[in-house]
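The values are calculated or read from the model by the stated rules, or taken from the named source; none is laboratory data. All figures in this text were calculated on a predicted structure; none of them were measured in a lab. Cβ sites come from the backbone with ideal geometry, for glycine too, and all protein chains shown count toward neighbours. Ligands, DNA and RNA are stripped out before the accessible areas are found, and what is left, the full protein with its side chains, is counted by its heavy atoms. Shrake-Rupley method; radii C 1.70, N 1.55, O 1.52, S 1.80 Å.
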Amino acid sequence: MLNAQPPQTTTDALRPDIGALSRRIRRLGTELHSAVRAVTQQVATTSRKPHELARSLRIHRTLASRLLNAVRTDDPLAAISRMPRSEGLRMFLTAAKSSASRDAIEQAETALRNFEHLVDGELGGWDGFDAVITEWLPDAREKFELANKQAAFKGMANLLGVRADVQLVTSIYYPDADGQSCDIAVIEGMAGLRRLRPSARIPFAMTAPIPGAPRPLAYVLEGLTHAEPGPDYPLLDEFCSKPIPRFHAVRAGKITNYFLAGNEVGENSAVDVYAASVIRHARPIYADAAAPGWRPSAAAGPNVPAKVLLLNFLVHEDIWPESDVELRVYDTHVNGLADANDPARDIDRLELQESVQVLGKGAARFRATEVGRHVEMVQYVCDQLNWDSNRLRGYRLRVQYPLYNAQYCLVFDPLPPRPQ
């Protein structure tokens, strides 16, 4: 009896073939763009500005502005993405009948019906069309993603009853005394954290034992806070809002979850809360001490729906100086948190229009508009650990309306060989 081998499926094999659909969209989009442009040229001979066109045809100025902006765009797909939708186009064509030729109006109406048939019959409406063309138009994709991420943020915030203005995660990699591995300090927190409903629970942190660590608590900065927390989470008090936010602990086996205490709601109840942690000998520096091809990374995912996620990766100048940083975004709602070194999780990667900013070297370059005292926090933590903050180089990911079930990772190149 033969042993059946499971088929090998790659992420590329899962991508649909949209070549035929692409050609139809481009052909029908070109016809609609040309027909609407022809009508516009006939009625806009003396009305080349939005307010003039709106006044002459007695249509809304916003409709006139979108229309003129679209027909002046040479790329048909970009033009259709900017053009008013069906109802707006029909309003324009009805108003233009007194100024444009009958043939031009009829050609535009026919082109609109043909394009609507494609949009409604195969793409599920204009929202589906917007999603499809983001494959070809980076500008449209950025606008599309931002609008939908904002809608998702509002929906999740209302459902969960909690939101934050900013979530901050700053990872600092610094070589330890032997120069073979690096310590990692993490500053994490939220600004403008508040409830929307009195009964909502606000999660802030989770602690669990670290294998090989001298004590079980992961999120405590040595020398700054006590080793074993009571009912309140050990915070960087100097940088938190006053009065200091309080927490209550909920234990589940070896894991302890910390939730913001109280039931206040509204703008006046918003708090700023920050904590720090350090793990000694956390990562190897050279390839001979790790699995082949192993890549160091820093990661963050929204604890609560947030307007902005700031993920900073600060690395000592002597660690991986020739390495580049790659951004990876994972969907975690099925398989949980991802390991950037696990190729099996490539299937969970999301393609989003985000980018990494290179900050340069030195603490003064790590300023963040959304977190006014970020440089001070980095300096404070480094001073407590006797680290030189001016020898750090930085990378930053800033995400507007981060997806609630997403994990954002900044990934370095594979570890270099040990120098001879």
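Points to keep in mind about this one:
- The chain: angle of helix 138-160 to the longest principal axis, Cα-based, in degrees nearest 10: 60 degrees
- The count of lysine pairs in the chain with alpha-carbon distances below 22 Å, taking only pairs 8 or more places apart or on different chains, stands at 5.
- With Cα atoms, 0 to 90° folded angle of helix 86-96 axis to the chain main axis: 30 degrees
- Selection from LEU118, VAL39, SER22, by position along the positive dipole direction of the chain (Cβ): VAL39
- For segment 368-377, backbone phi angles converted through the Karplus equation (6.51, -1.76, 1.60; θ = phi - 60°) give residue-by-residue couplings of 9, 4, 6, 10, x, 10, 4, 4, 5, 5 Hz, Gly and Pro being listed as x.
- Whether segment 283-355 is rounded, prolate or oblate, judged on the alpha carbon gyration tensor where a/c under 1.5 counts as rounded: oblate
- Length added when fully stretched, ASP75-VAL250, from 0.36 nm per residue minus Cα-Cα: 57.3 nm
- Dividing the alpha-carbon radius of gyration of segment 99-203 by the rule-of-thumb value 2.2 N^0.38 Å gives 1.93.
- When all protein chains stay in place and ligands, DNA and RNA are ignored, the 1.4 Å accessible-area order of SER181, SER56, largest first, is SER56, SER181.
- ARG163 long-range amide H proximity, modeled H, under 5 Å: ARG194, LEU196
- Distances between placed amide hydrogens fall under 5 Å for ASP183 paired with TYR174, ASP176, HIS281, ALA282, all partners being 5 or more residues away or on another chain.
- For the chain, the fraction of 1.4 Å probe accessible surface lying on carbon and sulfur atoms is 50 percent.
- Note on the chain: with charges restricted to the Cβ of Lys and Arg (+1) and Asp and Glu (-1), its dipole about the Cα centre is near 1700 debye.
- Each of PRO50, ALA275, GLY189 was placed along the dipole of the chain (beta-carbon charges, centred on the mean Cα), and the one lying farthest toward the positive end is PRO50.
- 222 nm mean residue ellipticity, helices alone, for the chain (DSSP H n ≥ 4; -39,500 (n - 2.57); rounded to 500): -9500 deg cm²/dmol
- For the chain, the longest principal axis of the Cα atoms and the long axis of helix 61-71 meet at an angle of about 90 degrees.
- A convex hull fitted around the alpha carbon atoms of segment 249-317 yields 184 Å³ per residue.
- Extreme residue, positive dipole direction of the chain, given options PRO302, VAL71, PHE259 (C-beta unit charges): VAL71
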